[in-house]
Amino acid sequence: MKRVAIFVWLAVLLSSAALAVEEEQLVIASREAVKQLGGELNGELKKAMKSGGPIQAIDVCKRMAPEIAARVSEKRGWRVGRTALKVRNAANAPDGWEREVLKDFEKRKASGEDLQKMEYFSIVEEGGKPYFRYMKVIPTGGLCLICHGRNIEGNLRERLDTLYPKDQARGFRPGHIRGAFTVTQPM
């Protein structure tokens, strides 16, 4: 009987260790996907700002951001994108799990946690299948404030009103949580 108990204990210990290793690999892969999406999007935004200013940058977010997210998603076989509590594009609205994580991010921010390092992950069941879910905060920075800040200039504001009549993604300040990158990997 004692050997059985030891065997069960060892089996549980080994499976826990294997799960921890697998989770770490999934986190690393998710971070890479987020870095790819964020890096490509940021690069395109900077090019647009340099060549045509904020009006042209809006086109990057409207047209190119979904294309970049789709390309990263297809390459990896996952869902990779962006979401927020205050969205500009309704297609980026958070699902229930994402909404709860975003609310928790706000609490963690209020407690003084560093936005640059803030992330969350868990294994969830959706439709009877397990998925690894990951989110990484997008802090509001200088480039974001041009189109998402409190003082959006006339022509830019008019263009945003035309493209996004239900826009909620305004009024941000440096240090606010603009949103988060989100990754869903099937297991």
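The values are calculated or read from the model by the stated rules, or taken from the named source; none is laboratory data. As the structure is a prediction and not an experimental result, all values here were calculated from the model. Please note: Cβ atoms are built from the backbone with ideal geometry, for glycine as well, and neighbour counts cover all protein chains shown.
Brief remarks follow.
- Test result for residue 125, assigned to a strand (DSSP E or B) and free of Cβ contacts under 8 Å to residues at least 60 places away in the same chain: yes
- Residue match in segment 74-95 (condition: in contact (Cβ under 8 Å) with a residue 24 or more places away in the chain, part of a strand (DSSP E or B), of a type in the set (A, V, I, L, M, F, W, C) and out of contact with any Cys (no Cβ under 9 Å at 6 or more places or on another chain)): yes
- Selection from segment 140-162 of residues that are part of a loop (DSSP other than H, G, I, E, B) and within 15 Å of residue 56 (Cβ to Cβ): 153
- Residues considered: 186, 94. Of these, the only one that is in contact with a strand residue (DSSP E or B) (Cβ under 7 Å, 6 or more places away or on another chain) and surrounded by fewer than 12 Cβ atoms within 10 Å (Cβ to Cβ) is 186.
- Condition met for residue 165 (closer than 18 Å to residue 34 by Cβ and part of a loop (DSSP other than H, G, I, E, B)): no
- Residue 22 vs. criteria at pLDDT 95 or above, of a type in the set (D, E, K, R) and surrounded by fewer than 16 Cβ atoms within 10 Å (Cβ to Cβ): no
- Looking only at residues of segment 113-152 that are over 19 Å from the mean Cα position of the chain (by Cα) and surrounded by fewer than 12 Cβ atoms within 10 Å (Cβ to Cβ), we find that the one that is farthest from residue 77 (Cα to Cα) is 151.
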